[in-house]
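Asks: First the structure, which I've put down as structure tokens, then a few questions once you've had a look.
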Amino acid sequence: MIKPADLPDTLAVFPLPGALLLPRSRLPLHLFEPRYLQMLEDALKTSQRLIGMVQPNPLAGKEGALHRIGCAGRVTQFSETEDGRYMITLAGVSRFRILKENDGFAPYRRCEISWEGFSRDLGRTETDPGFDRPAFLNQLDRFFCARDLSTDWESIKDADDELLINSLSMLLDFEPEDKQALLEAPSLSTRRETLVTLIEFSLRGGTNEEILQ
């Protein structure tokens with residue numbers, strides 16, 4: 001486990017719309033652009049092996065703008081394909097806040113960051129005392145039916161609160177700005193409430209009309 005004192009002040013960041021990484025969760029990635037292959041090579045040379053996942057911010061009015069909050073992941077698995085691409089897995093470590101972007105000679109983007117305000121990310125698995133699981137699973141079933149999706153319901157029923165909420169936040173097909181809201185949720189309970197709101201909005205067909213029961 002990475003300790004707060006081991007977290008760097010500067011981090012390579014990978015801007016990828018719609019890709020959400022959360023603490024204590026895992027994100028598979030496919031790297032093929034030369035700059036990101038270099039980013040992986042450089043990350044593997046460090047003891048922490050960290051890469052920062054961050055969403056582009058198209059609403060900022062500036063080309064290449066990034067959202068200020070991202071999540072760092074540790075490279076835990078990687079394999080090379082015959083044509084030089086890499087399949088990697090990032091294990092979510094902690095969220096961070098971008099302070100400034102550094103100019104430099106690296107082909108990928110690097111930022112000075114702060115870990116302040118995200119100490120719970122390095123702690124134990126979170127619980128959600130107010131989680132009404134039966135009601136949530138009923139809502140989720142309606143969402144999957146509406147989207148014609150299938151899933152392993154036994155695994156969902158057996159998953160603990162954090163694994164269930166975070167996995168769905170990462171996997172469900174929401175807009176990038178919605179993914180950012182899930183990332184920035186200050187607690188697991190808040191993330192669950194945001195997730196429920198997004199699912200309800202989707203079931204309404206993107207309108208504010210009441211859901212038909």
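Throughout, read-outs are computed from the coordinates displayed, never taken from laboratory work. No experiment lies behind these values; they were computed from the predicted model shown. Counting neighbours? That spans all protein chains shown, and the Cβs are built from the backbone with ideal geometry, glycine included.
Asks: Rg to Rh ratio, the chain, alpha-carbon atoms and Kirkwood radius? Intermediate results must be reported in sequence, preceding the final value.
Replies: Values: Rg = 18.1 Å, Rh = 18.4 Å.
Taking Rg over the Kirkwood Rh, I get 0.98.
Asks: If you don't mind, there's one more thing I want to ask. Can you give the extra length, in nm with one decimal, that the chain gains between A159 and R85 once fully stretched, where that is 0.36 nm per residue apart less the Cα-Cα distance?
Replies: Working: separation 74, 0.36 × 74 = 26.64 nm, distance 3.26 nm.
23.4 nm is the gain from fully extending A159 to R85.
Asks: Explain nothing, just the number: dipole magnitude of the chain about its Cα centre with +1 on each Lys and Arg Cβ and -1 on each Asp and Glu Cβ, in debye rounded to the nearest 20.
Replies: On the way: 25 positive and 34 negative charges, 126 e Å.
It works out to roughly 600 debye.
Asks: I'd like the distance separating the alpha-carbon centroids of segment 128-157 and segment 1-61, in whole Å.
Replies: Taking the Cα centre of each part, segment 128-157 and segment 1-61 sit 30 Å apart.
Asks: So what are the radius of gyration and Dmax for the Cα set of segment 72-161, in Å?
Replies: Every Cα atom of segment 72-161 included, Rg and Dmax give 19.5, 53 Å.
Asks: Run the numbers for E177 and L137: contour at 0.36 nm per residue of separation, minus the present Cα-Cα distance, in nm.
Replies: On the way: separation 40, 0.36 × 40 = 14.40 nm, distance 2.42 nm.
My answer for the length gained is 12.0 nm.
Asks: Given only helices, namely DSSP H runs of n ≥ 4 each adding -39500 (n - 2.57), what is the per-residue ellipticity at 222 nm of the chain, to the nearest 500 deg cm²/dmol? Before the final figure, lay out each step's value.
Replies: Details: 6 runs with 68 residues, N = 213.
Calculated mean residue ellipticity at 222 nm is -10000 deg cm²/dmol.
Asks: Going by a ≥ b ≥ c, the root eigenvalues of the Cα gyration tensor, does segment 133-203 fall in the rounded group (a/c under 1.5), the prolate group (a/b larger than b/c) or the oblate group? Don't skip to the end; give the middle numbers.
Replies: On the way: a/c = 1.71, a/b = 1.21, b/c = 1.41.
Judged from the Cα gyration tensor, segment 133-203 comes out oblate (a/c at least 1.5, b/c at or above a/b).
Asks: Less than 25 Å apart at the alpha-carbon level, and either on another chain or at least 8 residues along: which lysines does that give for K157?
Replies: K179
Asks: With point charges of +1 on the Cβ of Lys and Arg and -1 on the Cβ of Asp and Glu, referenced to the Cα centre of the chain, which listed residue (G104, L29, T190) lies farthest in the positive direction of the dipole?
Replies: The residue sitting farthest along the positive end of the dipole is G104.
Asks: How much length, in nm to one decimal, is gained on full extension between K100 and Q38, taken as 0.36 nm per residue of separation minus their Cα-Cα distance? Present the calculation step by step, with values, prior to reporting the outcome.
Replies: Numbers: separation 62, 0.36 × 62 = 22.32 nm, distance 2.14 nm.
Roughly 20.2 nm would be gained on extension.
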